Structures are given as C-alpha cells and as structure tokens.
Amino acid sequence: MLFYVARCAAQLAVALVGIVTVAFFLMRAIPGDPAIYMLGDYATTESLAALRARLGLDLPVWQQYGMFLASAARGDLGASVVTGQSALAEIWSAVPPSAELAVAGMAIAIAFGVPLGIVAAVRQGTFVDVAVMALALGGISFPVFWLGLVAILVLSHDMGLFPALGATSEPGLWPAIHHLALPALVLGLSVAAYIARLTRSAMLEVLGQDHIRVARAMGVPERRIVWHLALRNAAIPILAVIGVTFAWSLGNAILVEAVFSRPGLGSTILKAILARDYQLVQAGVLVLAAAVVLLNTLLDLVYGAIDPRLRKA
Amino acid sequence: MTAATFELRGLTAAVPGETGAVRLVEEVSLSVSAGETLAVVGESGSGKTVTFTSALGLLPKPGRVIEGQALYNGTDLLSLAPESLRRVRGAQIGMVFQDPLTGLNPVFRVGDQIAEVLRAHLSIGRREARERAVQLLARVQIPDPARRVHDYPHQFSGGMRQRVLIAMAIALGPRVLIADEPTTALDVTVQAQILDLLSELREEEGMAMVLITHDLGVVARQADRIAVMYSGRVVETGRVDEVFRAPRHPYTISLFRSIPDLDAPAGTMLAPIAGAPPDPQRRPSGCAFAPRCFAAREADGCMSRRPLLTDEGHAVACHRQGMLEQAA
C-alpha cells in the first residue's frame, strides 16, 4: 500500500512539471508582448527594452524556462506584470468562488448521474431507461452556456426561483447558496449526463457477470445485489469518469462563470491571457492542473481501496 | 418410493424468437428425493442448465417458463411471489455453478460474501455471520479458515474458490443442492476432491442432490439415478446401474459407444455421434435425435411424431424401443 501511495505521488510530480512546461511555452508562442501591453503603443524603444530586461524577457526562452522552473521549485511563480502582486496570491484569491462552483457542480452531477444510470441499467430497455438516456443525450449535446442562458430565462426571469446573478456580496450562508444554485445546477447537469451514461453501461456489464448470478441463486435480495454487490464492481469506471469530467467541468466552469457573472479563476485567467500576463497565467494553469491531478491521484488511491487486485500492481 | 423433495413436472421454458417462442426445454419431468443424487447428463446446449435456472426463477430475461411446475416439498416455486421464491433460493435449495473463477465477487472478501448469503436469510449481526463463515470454510475443508475468511477471491486457487462457493451454497442447510458442472473448469486432480466433498456433504446433511454433468464417469461414481437430456427433452431416465447396464435410447447407446475404453484392443476407433444437435429454432418435427440416429425409421414415425417418455422406472422416449429390445 505504501508503495502504491509513493507511486501516485511520483506521478503527481511528473504530471505537474509537464503541465507547467506546456503552459510556459504555449504562452510564449502566442503573439504579443507584455511590455507593449504595459507601456502602451507609444512607448519608446528604450523604455520597452528596459522593461523587457527587468522582466527577463530579453533572455533566450530556454533560459527564461530554467529560471522559471528554479523559482517555481521554491514555490515562487513570480509577480503579475499588471498588478505587481504575487501571481500565486492573486490566483489563490480567485480559487474559493471557483472551488465552490466546481464542488457544488460535481456534487449535483454525482447525485443525479449515478442513481439515474443505475436505474436505467436495472430497467434496461424499459421506458425509464429510454427516458433517462434521452435526457442524458440532451445534457451532453447542449452547450453549457446555452443551458445557462435558458436556465436564467426560465428559472430566474420567468419563474423567479433563483437570482440571475451567480454571486452576491450579501453576507450569510443562505444568500450564497441561493445564488450558487443555478450555476451549480447548470454545470452539474451537463456532467451528470456523462456520468449517467457511463454508470449505466458499467452496471449493465457487472449485472451480467457470473458472481451476480450466483448472488441471485443464493437468494440475496435484488436491492442488495444492485446497490451493494454490483455497484462496488462498477465503482471504478464510475470514479474514473468522475475524474475525467472534473477536468472538463473546470473548463465549463469558466463559461458558467461568464454567463452568471461570477468571479473566479475563469475570469481571472481570461483577463491575464488578454494582458499577456505570463506569470499570472502560469500560476492559474498550475492551480487548475494541480486540482485535476490531485483529484485523479486521490481516485487512484480509492481504486486500490475498492479493488484489492489493483493494490499489488 | 418416498415423496420427492424436488420435482419438475412438464417444465417448458422459452425465449421469444423471430417466428414465435423458441422452446429451450420442453416438458421436462424429473424428481429427486432426500439423500439421493440425480445426475442430469447431456451435451452442451441440451438444456440441462436452463432446466434448473428456470425452475428457480433465474432464467435471464426475456426467457420464461411457459408451462409446468417446479415443486419443492409440494409447493410450486413458479407460483410463488418473487420475494417468497427468493427466500427458498439459497436457503432451501442451494446451487453450485460451473466456473468458480468468475463465480465470486472480486471486490469483496470471501468471508463477507458468505456473510452476505447468511444475512440475506437470517437476522443475525455481522459478527455472528463472520463466525459462521469461518465454520463454513472449515466445513468445506479450507485450511486455516480464520485467516482465509479475510482473503479476496483472487488469493484462492480454482479448487479453493469452488469450495468457497460450495460453502455459500450449503450455508443455510438447504434440502436440495443443485451442482451445475461443478468440476468442469477444474484440474482433474481437484475434480475428484470437489466431487468427494459434495458427496460427503450430501450424506451428512441428507440433502437431495442434482448433479449436472457431461462426464459419464462422474455419473457412475456419484449418482443413484440418471436423466439423459437431448435437445431440451429428457430422452431416458432410470437408475444408474440399469441405464449403464442396458441403455435403451439410441442417443444414450451412442454416448456410451463414444467413451474411450482402456480395455479395447489398440487401434480401435472411437465412435463419435455424427452430426450436431439441432438448433432449438429448427428442431425436426419428429424425434429431435432422428437425423443422427442409427435406428430411426420413417415407418415408425421417427421423422413425424415426437416420442413421449414412457411411464416406467427405466423410462425412454423412443419409437423404436420394440426393435432395439429384440436386437438386444
């Protein structure tokens, strides 16, 4: 088990280095110059050169990369060229609203997706199955910004159930939840569709296996067979799709934040890209990537806890 | 003869096909009494497994029983509500399947799987269920049961897994044990151990046992009575010694001829049965075995009328009985 944990940690480190490397070179491949952005179109050549020298942008790219890695290893991701604040600190301040949205969205996705997928599998071929799969197809097909706009129009504008704005400065838990509900629902339902489809196929496969037939022959109640004996077998593919869709929903969260005018990583990173704020973008990508990689590492550990055969591997 | 513990009467099970219901098994009547072993023999696809899974309400959809009764101590299982039938399965009638490698749930400890069966029928706590699981593992002769109860299926060999599955099947002291080719997937040396274990348990518990197999050697050693199935029907049934001494159905006769005989002179060829069993969708209108039968004759109705099982101790379903008996 200890070896398994160590291996997961090593994978985590390798993944993070890879991701920041890609982000570093991608940003520099995009045309545009932070010095011009900061000083304006009419800045003199000398002042531009001076700023570039101060930011280290006059060095060869590989040298910049080396310096970036060296300071990143010490936990220093540089300062935002726009605000002069620590890039990491600035990104951190945008994390809580995004984390709220992502966690609430995933919670809704799992709460809807897994039970619906199970019910569809158990009632394979019936009206229930067809209805759930049709809904899931819709959830996958409609883009989340469209779902968001429809949700605002129907649930907020017409029915007045939820506020159209996805955030509030009002203090207290209830206003926060009330404002979070609609964006989380929109984000969650599109992910729920994926989870429901995968849960259904994973359960169908398990329910056809010999050990389930044995359990039936032994008189184990059907409810227990489905929700305990079979679900535990189907848990690994289901958790795997949860891990994958989490990364995907972080991307969708940016769109949802925009539709519902919520603050968060999405708007922060978008502004940073437009301003060619290299440090801020890198810090943002690192945080997002770390969230995805950490979740998947955690899932790897959970797989080992669920399936004893994976622990030895 | 004592009243049968488990009896099938005219059981017919079918799945929907393109041109109406396809009958997987037809009018199967069998019975087995306490302390007795009935061997059900036939080639793959002859309906041995379908017969018993459908009798216990375990036939996968869309298959269903369209006629007949499955009597356990006089109660027709097929007329029971699903919940009542569930209480019989596992508790009164235990079943052991063919493939022990896939029969255990890979993500649960074997002790928990045995406990699951116990707790499906008894209101006992986890601790007691666990204790009984250890006793059951000891009962099926698994060494060091107190430790092994915590292991997962992949930590057991095939023979040991079959022992675990047998422990689950006898956990609640069933009166009937149905063993569906319990040794087919195992090594030859392990096969004998498992068969010995099953017959020991049958004797100690006084269970009625149904042994589904295609190994006539196993039948000779283990069974009291035999039922030979072909293409979804019982074609011959009787006491093992009678049937082995004087098989009456051409199919049974051919089966015995196809067994290698160690005492035969070197160079003697085996006599396989030519052809293949019919597809249940396209069974011949007469006797299903007629196209492969050495004795079939149109004049006796072999190609047009379905032969019915005679109503005797050593019963046979064949139009050509008179001829075969004269020849013998």
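The values are calculated or read from the model by the stated rules, or taken from the named source; none is laboratory data. Model, not experiment: these values are computed from the prediction. For neighbour counting, all protein chains shown are included, and Cβ atoms are generated from backbone atoms with ideal geometry for every residue, glycine included.
Suppose the filter is among the hydroxyl-bearing types (Ser, Thr, Tyr), under 25 Å from A:Leu101 (Cβ atoms), surrounded by fewer than 13 Cβ atoms within 10 Å (Cβ to Cβ) and modelled with pLDDT under 85; does A:Ser141 pass it?
For A:Ser141, the condition - among the hydroxyl-bearing types (Ser, Thr, Tyr), under 25 Å from A:Leu101 (Cβ atoms), surrounded by fewer than 13 Cβ atoms within 10 Å (Cβ to Cβ) and modelled with pLDDT under 85 - is not met.
Does any residue in segment A:289-308 that is more than 12 Å from chain B (Cβ to nearest Cβ) come within less than 7 Å, Cβ to Cβ, of a residue that is of a type in the set (S, T, N, Q) and in a helix (DSSP H, G or I) six or more places away or on a different chain, and which pairs are these?
Hits for this filter: A:Thr297/A:Gln11.
Could you tell me whether any residue of segment B:73-92 is part of a strand (DSSP E or B), farther than 30 Å from B:Phe289 by Cα and more than 9 Å from every other protein chain (Cβ to nearest Cβ)?
Scanning segment B:73-92, I find at least one residue that is part of a strand (DSSP E or B), farther than 30 Å from B:Phe289 by Cα and more than 9 Å from every other protein chain (Cβ to nearest Cβ), so the answer is yes.
Kindly provide the set of residues from segment A:102-141 that are closer than 16 Å to A:Ala184 by Cα, free of Cβ contacts under 8 Å to residues at least 60 places away in the same chain and not aliphatic (A, V, I, L, M), ordered by number.
A:Gly139
What is the number of the single condition among (1) in contact with a Lys or Arg (Cβ under 9 Å, 6 or more places away or on another chain); (2) surrounded by fewer than 16 Cβ atoms within 10 Å (Cβ to Cβ); (3) more than 21 Å from B:Val50 (Cβ to Cβ) that B:Ala276 does not meet?
That leaves (3) as the condition not met.
Every residue, every condition in (1) polar (S, T, N, Q); (2) within 14 Å of chain A (Cβ to nearest Cβ); (3) within 22 Å of B:Phe108 (Cα to Cα), yes or no:
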| position | (1), (2), (3) |
| --- | --- |
| B:Leu136 | no, yes, yes |
| B:Val149 | no, no, yes |
| B:Thr183 | yes, no, no |
| B:Ala192 | no, no, no |
| B:Asp196 | no, no, no |
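Is it the case that segment A:190-202 has a residue that's under 18 Å from A:Ala109 (Cα atoms), within 14 Å of another protein chain (Cβ to nearest Cβ), part of a helix (DSSP H, G or I) and in contact (Cβ under 8 Å) with a residue 12 or more places away in the chain?
Within segment A:190-202, one or more residues are under 18 Å from A:Ala109 (Cα atoms), within 14 Å of another protein chain (Cβ to nearest Cβ), part of a helix (DSSP H, G or I) and in contact (Cβ under 8 Å) with a residue 12 or more places away in the chain.
Could you tell me which residue of segment B:108-131 is nearest to the chain's Cα centre (by Cα), considering only residues that are in contact (Cβ under 8 Å) with a residue 24 or more places away in the chain and facing another protein chain (nearest Cβ under 9 Å)?
B:Val117
What are the residues in segment B:288-298 that are over 16 Å from B:Glu43 (Cβ atoms), at pLDDT 85 or above and either of a type in the set (D, E, K, R) or under 26 Å from the mean Cα position of the chain (by Cα) (or both), if any?
B:Ala290
Kindly indicate whether any position in segment B:36-55 is in contact with a helix residue (DSSP H, G or I) (Cβ under 7 Å, 6 or more places away or on another chain) and assigned to a loop (DSSP other than H, G, I, E, B).
Taking every residue of segment B:36-55 in turn, at least one turns out to be in contact with a helix residue (DSSP H, G or I) (Cβ under 7 Å, 6 or more places away or on another chain) and assigned to a loop (DSSP other than H, G, I, E, B).
So, in segment B:281-302, exactly how many residues are touching a Gly at 6+ places or on another chain (Cβ under 6 Å) and buried (at least 17 other Cβ atoms within 10 Å of the Cβ)?
The qualifying residues number 2.
Going by the conditions given, is B:Met207 closer than 30 Å to B:Arg119 by Cβ and among the aliphatic types (A, V, I, L, M)?
Against the criterion (closer than 30 Å to B:Arg119 by Cβ and among the aliphatic types (A, V, I, L, M)), B:Met207 qualifies.
Kindly provide the set of residues from segment B:231-247 that are touching a His at 6+ places or on another chain (Cβ under 8 Å) and crowded, with 23+ Cβ neighbours inside 10 Å, ordered by number.
Within segment B:231-247, B:Val235, B:Glu236, B:Thr237, B:Val243 meet the criteria.
Among the residues that make up segment A:259-274, is at least one of them in a helix (DSSP H, G or I), among the basic types (Lys, Arg) and within 14 Å of chain B (Cβ to nearest Cβ)?
No, there is no match, as no residue in segment A:259-274 is in a helix (DSSP H, G or I), among the basic types (Lys, Arg) and within 14 Å of chain B (Cβ to nearest Cβ).
Output the residues belonging to segment B:160-188 that are crowded, with 19+ Cβ neighbours inside 10 Å and part of a helix (DSSP H, G or I).
Residues satisfying the conditions are B:Met160, B:Arg161, B:Gln162, B:Arg163, B:Val164, B:Leu165, B:Ile166, B:Ala167, B:Met168, B:Ala169, B:Ile170.
I'd like the full set of residues that are in contact (Cβ under 8 Å) with a residue 40 or more places away in the chain and outside any strand (DSSP E or B), limited to segment B:1-17.
Across segment B:1-17, the qualifying residues are B:Ala3, B:Ala4, B:Thr5.
Can you tell which of B:Ala208, B:Ala227, B:Ala223, B:Ala192 is surrounded by fewer than 19 Cβ atoms within 10 Å (Cβ to Cβ) and either touching a strand residue (DSSP E or B) at 6+ places or on another chain (Cβ under 6 Å) or closer than 30 Å to B:Arg161 by Cβ (or both)?
B:Ala192
Among A:Val214, A:Val285, A:Val244, which is the only one that is touching a residue at least 24 places away in the same chain (Cβ under 8 Å), assigned to a helix (DSSP H, G or I) and among the β-branched types (Val, Ile, Thr)?
Going through A:Val214, A:Val285, A:Val244 in turn, just one is touching a residue at least 24 places away in the same chain (Cβ under 8 Å), assigned to a helix (DSSP H, G or I) and among the β-branched types (Val, Ile, Thr): A:Val285.
Take segment B:93-107 and flag every residue that is more than 7 Å from chain A (Cβ to nearest Cβ) and either outside any loop (DSSP other than H, G, I, E, B) or of a type in the set (Gly, Ala, Ser) (or both).
B:Ile93, B:Gly94, B:Val96, B:Pro100, B:Leu101
If you take the residues of segment A:1-49 that are in contact (Cβ under 8 Å) with a residue 24 or more places away in the chain and among the aromatic types (Phe, Trp, Tyr), which of them is nearest to A:Val81 (Cα to Cα)?
For segment A:1-49, the residue satisfying everything is A:Tyr37.
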